[in-house]
Amino acid sequence: MQPGPRLSGKVAIVTGGASGIGAETGRVFAAHGASVVLCDMQDDLGQTVAAEIVAAGGTAEYRPLDVTDEAQWTALVAAVEAKYGKVNVLGNIAGVSGRPAGQTVQASGVMTGVALTDMSLELWNRIMEVNSTGVFLGTKAVIPAMQRAGGGSIVNISSICGIVGSFANAAYHASKGSVRIFTKATAIQYARDQIRANSVHPGFVDTPMARPGLLGNESGKARMDATPLGRFGKPIDIAMGCLFLASDETSWMTGSELVIDGGMTAN
Ligand SMILES: NC(=O)c1ccc[n+]([C@@H]2O[C@H](COP(=O)([O-])OP(=O)(O)OC[C@H]3O[C@@H](n4cnc5c(N)ncnc54)[C@H](O)[C@@H]3O)[C@@H](O)[C@H]2O)c1
């Protein structure tokens, strides 16, 4: 992809920036002129992504962040604002599936994940803490900075799991449904400040998180069969949607849901 002007001069914080969709979104934002602060808990991977962006001529750095920690969010936003002078874009992309390593994900008919009656409160709370509370804390932390900047764009990664149910982990569905509605509440509360908030709803995208449920098993076959466009998503498919929502091209879009799922939920 050639560098373009779609985010020229903007300062963007991207969580989950060490891997998958977050890393690709960071690359795309930088390729389109943004100064990008990648945040994650996988420090080595995050630093590698930032170095790749810089080597390609972009502006990026990596900063460690646990999205569930309010004090870390406050410190992060203060540091970014002090260094770059403003914050224009927040991509809330960090997330967890809550699936134990090695466990396959079911797509239809057969319950192979944790049934909700077997789900521990601890697992429920952990998924909600990262996927839902993390988005709240990030949003809360950047809004004052965006107000000082005269506006901004918050792009929250929900999922098709935030729109429809399935046999998959109920806590994951609940956390992503929370992101969907939280985004609309944010949009309404801060429209007067020209702060926009929109949610992105990916279908099944080949990333380290999703791969166990996509490749070489029955759930993957069922999911492929249910995807009209006949392939799983790539991180770039989602990153381009994030770019659109982050840019001024969407200056009249807020509280919206952008579904990018190969047509799966059109069925
Ligand atoms: N891949 C898919 O099929 C798919 C579909 C719909 C939605 N999503 C969502 O997209 C987002 C990105 O997922 P991905 O598929 O790229 O997976 P991924 O595992 O490649 O990336 C997720 C990143 O989030 C980071 N993270 C987890 N907990 C964190 C925390 N507490 N603080 C900071 N960072 C943390 C991880 O370290 C990881 O780098 C997630 O919110 C996920 O739920 C993914």
Failed item, numbered, when CYS161 is tested on (1) near the ligand (Cβ under 10 Å from one of its atoms); (2) in a helix (DSSP H, G or I); (3) in contact with a Ser or Thr (Cβ under 8 Å, 6 or more places away or on another chain); (4) not acidic (Asp, Glu): (3)
Search the stretch 150-178 for residues that are aromatic (Phe, Trp, Tyr) and pair each with any residue that is within 12 Å of the ligand (Cβ to nearest atom) and outside any loop (DSSP other than H, G, I, E, B) when their beta-carbon atoms are under 9 Å apart and the residues are at least 6 apart or on different chains. TYR172/ILE127; TYR172/ASN131; TYR172/CYS161
Is there any pair with a first residue in the stretch 79-102 that is touching a residue at least 60 places away in the same chain (Cβ under 8 Å) and within 23 Å of SER199 (Cα to Cα) and a second that is within 16 Å of the ligand (Cβ to nearest atom) and among the charged types (D, E, K, R) whose Cβ atoms are under 8 Å apart and which are 6 or more apart or on different chains, and what are they? ALA94/ASP40; VAL96/ARG126; GLY98/ARG126
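Just to check your reading of the model, which residue among GLY216, GLY233 is in contact with a strand residue (DSSP E or B) (Cβ under 7 Å, 6 or more places away or on another chain), more than 19 Å from MET128 (Cβ to Cβ) and surrounded by fewer than 24 Cβ atoms within 10 Å (Cβ to Cβ)? Give the derivation first.
Values: GLY216 fails: in contact with a strand residue (DSSP E or B) (Cβ under 7 Å, 6 or more places away or on another chain).
Criteria check complete, one pass: GLY233.
Can you find, within the stretch 164-213, the residue that is nearest to the ligand (Cβ to nearest atom) among those that are assigned to a helix (DSSP H, G or I) and touching a Leu at 6+ places or on another chain (Cβ under 8 Å)?
Quick first cut of the stretch 164-213, residues assigned to a helix (DSSP H, G or I) only: 170-193, 211-213.
Among the residues that remain, those that are also touching a Leu at 6+ places or on another chain (Cβ under 8 Å) are: 170-171.
Working: ALA170: 15, ALA171: 12 Å.
In this case the residue turns out to be ALA171.
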Take the residues of the stretch 213-243 that are of a type in the set (S, T, N, Q) and modelled with pLDDT under 90: which is farthest from VAL14 (Cα to Cα)? ASN217
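The values are calculated or read from the model by the stated rules, or taken from the named source; none is laboratory data. On a predicted model such as this, the values are computed, not experimentally measured, just so you know. All Cβ positions, even for glycine, are placed from backbone atoms using ideal geometry, and neighbour counts span all protein chains on display.
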